[in-house]
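The values are calculated or read from the model by the stated rules, or taken from the named source; none is laboratory data. Just so you know, these numbers come straight off a predicted model, no measurement behind them. Ideal geometry is used to build each Cβ from the backbone, glycine not excepted, and the neighbour counts take in all protein chains shown. Side chains are part of the model used for accessible areas, which takes the heavy atoms of the whole protein and leaves out ligands, DNA and RNA. Shrake-Rupley method; radii C 1.70, N 1.55, O 1.52, S 1.80 Å.
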Amino acid sequence: MAEFTMELNDDQKQVRDWIHGFAADVMRPAAAEWDEREETPWPVIQEAAKVGIYSLDFYAQQFFDPTGLGIPMAMEELFWGDAGIALSIVGTGLAAIGVVANGTEEQIGTWIPQMYGTPDDVKVAAFCSSEPDAGSDVGSMRTRAVYDQAKDEWVLSGTKTWATNGGIANVHIVVAVVDPALGTKGHASFIVPPNTPGLSQGQKFKKHGIRASHTAEVVLEDVRIPGSCLLGGKEKLDERLARAHERARSGGGERVKNAAMATFEASRPAVGAMAVGTARAAYEVALDYAKTRTQFGRPIIDNQGVAFQLADMRTQIDAARLLVWRASWMAAAGRPFDSAEGSMSKLFASEMSKKVTAQAVQILGGNGFTREYPVERMHRDSAIYTIFEGTSEIQRLVIARTISGMPIR
């Protein structure tokens, strides 16, 4: 395992500059158009696939970077380009993480390539966990998965919501209840193959920000999938459920994580990196504007009121990046988040992004409030970071429980 360092190595710098070039040359010129259209930017995703950014190999290389910094570095640069388009490019990754975190080697090898497709025929995937009445409260999940032993099939029924790529995905990863008596420990994740009867897209949401990313409901009506589509396999599930029942009877024992939580724990620092990328983009626009915009015969950055805001913005961006890098390095090193460092990074970075993008709008004044300048879009986009993959309130709850050891509610 590589020692932690504050300096990217030459290979990492080369990858960073390559992604940055794609973000600057391909994503940014298309950002305003796809934000207005509120549609999946298939041509941009295809361009990303052609150059190798939208591919299993690319994400695998970044994921297995021994320093842990490959993924956050990539996320920051892509979301610096544009959050909506970037989420369309990386949204498949959450489903892929679900398979890697919980699946067998055979499932990983079979299904992840189908999530991405090829440069000539790109595909996307969706991770479906939230429900109309069960977002942060995963214990209220109602989607059920019932095993049909005679046919070795699982039958899924329910409605998922807020699913990135939901309904348009080639492969859907669905979290469902298999044992209601166990609460969140009675959940499991399932692969729904392409063109499976009974799965349909429900409402497509018209959003405040990240408009280029497709977000919709996914409706499951007696969806039958092969037994092999249970992530991790039935033997492993039965063992986990048995341990959970034993723990419930004894009132203690081994902690059992559910599949959705394992996925979110692995991805929270990456979300923090996304927030850093958007904030950095807004800060750079505001800095350039403040150096060139003149009022009362001098650049507005000559005024402390503006200069101090920019100083605070840069400080907060760098602080957030350091929290993200720390959590990412810890995960790669196999070190436990004893103080919920993953949630810390996501909490601080997401709150920072909302604040910094708002300050960028303020520095641009009336221009910042128009769509002629990108900070308006960046401010709208940043709002999602404090909501998806665990709201800021949930992150604080996770941190408080972890540092105190108490069942805080």
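Observations
- Those residues of the stretch 44-80 which are of a type outside the set (A, V, I, L, M), more than 21 Å from ILE108 (Cα to Cα) and not in a helix (DSSP H, G or I), in sequence order: THR67
- Checking THR5, THR40 one by one, the residue that is surrounded by 13 or more Cβ atoms within 10 Å (Cβ to Cβ), outside any helix (DSSP H, G or I) and among the β-branched types (Val, Ile, Thr) is THR40 and no other.
- The stretch 385-407, subset open to solvent by less than 40 Å² (accessible area, probe 1.4 Å) and on the phi > 0 side of the Ramachandran plot, residue nearest to the chain's Cα centre (by Cα): GLU389
- Qualifying residue in the stretch 78-89 (condition: open to solvent by 30 Å² or more (accessible area, probe 1.4 Å) and of a type in the set (Ser, Thr, Tyr)): no
- Yes/no for HIS172 being open to solvent by less than 10 Å² (accessible area, probe 1.4 Å) and closer than 30 Å to GLU246 by Cβ: no
- One residue from GLU376, GLU341 being at pLDDT 95 or above, buried (at least 16 other Cβ atoms within 10 Å of the Cβ) and either basic (Lys, Arg) or over 24 Å from THR67 (Cβ atoms) (or both): GLU376
- Residue match in the stretch 321-331 (condition: surrounded by fewer than 20 Cβ atoms within 10 Å (Cβ to Cβ), closer than 24 Å to GLU389 by Cα and either more than 21 Å from the chain's Cα centre (by Cα) or modelled with pLDDT of 95 or more (or both)): yes
- Any hit, the stretch 381-388, residues being among the acidic types (Asp, Glu) and closer than 20 Å to GLN316 by Cα: yes
- Search result, residues across the stretch 98-132 that are farther than 21 Å from VAL177 by Cβ and in a helix (DSSP H, G or I): VAL100, GLU105, GLU106, ILE108, GLY109, THR110, TRP111, ILE112, PRO113, GLN114, MET115, TYR116
- Close pairs from the stretch 264-277: first more than 17 Å from ILE173 (Cβ to Cβ) and of a type in the set (D, E, K, R), partner open to solvent by 20 Å² or more (accessible area, probe 1.4 Å) and modelled with pLDDT under 95, Cβ under 7 Å, at least 6 apart: ARG268/GLU389
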